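The values are calculated or read from the model by the stated rules, or taken from the named source; none is laboratory data. In this text the structure is predicted, and so the values were computed from the model without any measurement. Don't worry about glycine lacking a Cβ; one is built from the backbone with ideal geometry, like all the others, and counts go over all protein chains shown.
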Amino acid sequence: ASFSSFFLLYPSVFNLKEVAAVERPRLHLWETGVIRITRHPQMVGQLLWSAAHLSMVGSSFTALTMALLVGHHLFAVWHGDRRLEAEHGDAFRAVKERTSVWPFLAILDGRQTLPPDYYKELVRAPYVLIAAGTLAAYKAHPYMQAGAALVRNTGLVPGGVLDGLLGE
């Protein structure tokens, strides 16, 4: 789940010139690629990523953090759809009618179809970069965990990083 979440979390990389500020960013009301599956891929990606990390860590702090992250994305879905409808009117309403927030719902409802060569919409250079970065982060997790284990704690706990600032 965590690996697949990154393919949904980073749909903005498809126009790298916009990301790098070479071209002026503009709104794209696409109905292709991952948008056929869900109109809000970042929210779905965050749900998958949060579920995967919560199942691995399982602490109350992680549960709270993941709830806040997911809540933020759910708010963004609601607010984003309202804003896009207000700014783009019928053009956005047409996209909204043919897509869904929840994965595959528009396909199951018959509002969206997957063409036979659907995979071609996903075979793009940014996905190769995302896959390589995700695999590298996955391989680096043991080193991240080892580094985290070296830190006794943070905050006001003795031995924490704030001790020097607080005169303890």
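Just a few scattered comments:
- Filter pass, L64 being at pLDDT below 95 and closer than 28 Å to H141 by Cα: yes
- Scoring R98 on the criteria (1) at pLDDT below 90; (2) in contact with an Asp or Glu (Cβ under 7 Å, 6 or more places away or on another chain); (3) not polar (S, T, N, Q) leaves a single failure, condition (1).
- Every condition in (1) surrounded by 13 or more Cβ atoms within 10 Å (Cβ to Cβ); (2) at pLDDT below 80; (3) closer than 30 Å to E31 by Cβ holds for V70 except the one numbered (2).
- Candidate set from the stretch 110-124 (those that are surrounded by 10 or more Cβ atoms within 10 Å (Cβ to Cβ) and assigned to a helix (DSSP H, G or I)); member that is modelled with the lowest pLDDT: L122
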